[in-house]
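Below: one structure, written as C-alpha cells.
Any read-out appearing in this document is the output of simple, stated calculations on the displayed coordinates, not a laboratory observation. Please read these numbers as outputs of a predicted model, since none were measured by experiment. As a convention, Cβ positions derive from the backbone with ideal geometry for all residues, glycine included, and neighbour counts pool all protein chains shown.
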Amino acid sequence: MTISRPFIEVAVIMQRLANTGVAARWQPWRWQLADVVLHEEGFGTVPRLLYQSETEQRWLHGGLKVELFKDDGEGYYLNASTDVPSWFVLWRMEDEPSVAGEPLARPLVVSLSYYDAGRWLDAQETVEQVPAPAPVVAWLQTFVDEHYVVEPKRRKRPESFKSLTDRFGNPASISTDKTFGNGQGGGHG
C-alpha cells in the first residue's frame, strides 16, 4: 500500500562565487545556496548552468520533491511560526568532475522542517536556508493547522518536592535532629 503525502516539486539554484582577498589563495571558489523555486517541467532533472560570469556561476537542479509528514508536525510548526519561514537544503559536493569539468555542489534534500535541518546539522552535513515564498508558507500552515496539536506545557514539579529514595529505590528520610554516638542529642559525650 502506498501512502500519499502532500508534496510539491522544487528546483534548487546553487551559486559558485569567486573568493576574494586572502581566502582566494587557498580556495578560488565557494558554493552557496542561492534560491529554491517551484519546479517547472522545462527545468528537467539534470543540473543546468543558468548563468556564468568571471566571478559567478548559477546552476539549476530540478525535480526535488518536498513531502510533508504527519509525524513531523512540530518541525513544520516551528518553521511556519518564525518571522521568516524557510526552505532547508542539504547539499554536498560531488566527488567526480561534472559537466563543467569541476565538481558541482549538488542539493540532495529540501525540507520545510526545523527538525530535519537540525538532524542534518547534527550529522555534520552542509545545510543552508532561504526564505520560502508566501504561497508555500500558506500551504505549510494549512498542513500544520490540520495535523499538529500544540501540547500544553506541563509544570515540572520542583526537585525539592520529589520523594527521597536511597540508592536501592526505597523511601528515605532525612532528620534535622543531631544525634551523635549514643543517640542522645546535644553533645559529644
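Judged by the mean number of other Cβ atoms found within 10 Å, the most tightly packed of the peptides 103-111, 117-125, 18-26 leads the ranking 103-111, 117-125, 18-26.
Centre-to-centre, using Cα atoms only, segment 1-27 and segment 94-150 are separated by 9 Å.
Applying 0.36 nm per residue to the separation of ALA18 and PHE69 and subtracting their alpha-carbon distance, the gain on full extension is 14.5 nm.
Run the numbers for LYS153 and TYR115: contour at 0.36 nm per residue of separation, minus the present Cα-Cα distance, in nm.
11.8 nm
A Förster radius of 41 Å combined with the Cβ-Cβ distance from SER53 to ILE3 puts the calculated FRET efficiency at roughly 0.35.
Short to long, the 5 Å bins of the Cα pair-distance histogram for segment 7-147 hold 2, 10, 18, 21, 19, 14, 9, 6, 2, 1, 0 percent of all pairs.
Simple spin-label estimate for GLN124 and LEU108 gives 1.4 nm between the two label positions (7 Å along the Cα-to-Cβ direction from each Cα).
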